[in-house]
Every structure is written in C-alpha cells, then in structure tokens.
Amino acid sequence: MELPFTLAPIKFSTDKTRYYAKAYHYGTIEYKTIIRKIAKKTGKSLHEIKQILDQFGEELVDGLQQGAKVELGTFFTLYHSFKSDVVDHPAEFHPDHFKSKEIKIRPSKQLKRQFQDIPVYQVDI
C-alpha cells in the first residue's frame, strides 16, 4: 500500500513558481461499500451492519452535542471547536461573535505512527 501525491505549483511574492506535494485521491469509499465489506468479513447481514453503524453514528453525534470528546479506540478522537471574534474584555463577548462551530478529528498516536510508515509515490496528472 502506498499513498499517491502530485506536485502542485505555488507562487510567492517573488513571482517564482515553486512546487509542493499535494495529496492525490483516487476516489471515495462510500458508506454502502464499507457496510458490504464488513458484512462479508463478519458473516452478518447488510441490514444488521447498517443498523449498527447508523446507531454508532447517532452515538457520535449525541456525544458531540453533549459537549463531550468522543474517543474511538485506537483510531481517533472527535471534538467540537469554535472560531470567534476577539474581544478586549469578557463582558463584551456575545453570541454574535461566533464565526463557526466546528467538529475536529485528532488521530490517535498509534494511527499517526502507522500512517507515517506508509510509502508514497508521485502521480502525473
């Protein structure tokens, strides 16, 4: 298994074009594909796997809506975050200062380590 990348141009103020590595994606693995793969590997029905994963998703959302971090074993942690305007004094802050509410993902140390060991290769597009 290898991770594909392309070289993408970037211009700086010197008008000189330079290049950086940009992740290349061959597509998307859809939810229904994941359900089929799990069903095949476990011998469970598609309906059973879909019910379990749908409930799993609801539990993730519930946890986030309660303001909790949601840890998914050795994979990652989901948590909420905010972007807001900056004010000089706490008393000046009001809800209009929120720019966005976000869901962030933090991979586990184990997942990061595994990912770092995957070789890469360049794709010419």
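Values quoted throughout were computed directly from the atomic coordinates according to the rules given, and no laboratory measurement underlies them. Just so we're clear, the structure is a prediction, and the values are computed from it rather than from any experiment. Heads up, the Cβs are rebuilt from the backbone with ideal geometry, glycines too, and the neighbour counts pull from every protein chain shown.
Details
- Here the chain carries DSSP beta bridges of which approximately 85% are antiparallel, counting only pairs with both residues inside.
- Global form of the stretch 69-118, assessed from the alpha-carbon gyration tensor, a/c cut-off 1.5: prolate
- Whole-Hz couplings from phi, Karplus 6.51/-1.76/1.60, listed for the stretch 47-58; x for Gly and Pro: 4, 4, 5, 4, 4, 5, 5, 4, 5, 4, x, 5
- Förster radius 41 Å - calculated FRET efficiency between residue 98 and residue 40 (Cβ-Cβ, nearest 0.05): 0.40
- Each residue, residue 106 and residue 12, gets one label point 7 Å from its Cα in the Cβ direction; the gap between the two is 3.2 nm.
- Distance between the 7 Å Cα→Cβ label points at residue 47 and residue 122: 5.3 nm.
- With N as its number of residues, the stretch 26-125 has a Cα radius of gyration that, divided by 2.2 N^0.38 Å, comes to 1.53.
- Only Lys, Arg (+1) and Asp, Glu (-1) charged, at Cβ; the stretch 69-118 dipole about Cα centre in debye: 420 debye
- Difference of contour (0.36 nm per residue) and Cα-Cα distance, residue 75 to residue 58: 4.3 nm
- Theoretical ellipticity at 222 nm over the chain - DSSP helices of four or more residues, -39500 (n - 2.57) apiece, nearest 500: -10000 deg cm²/dmol
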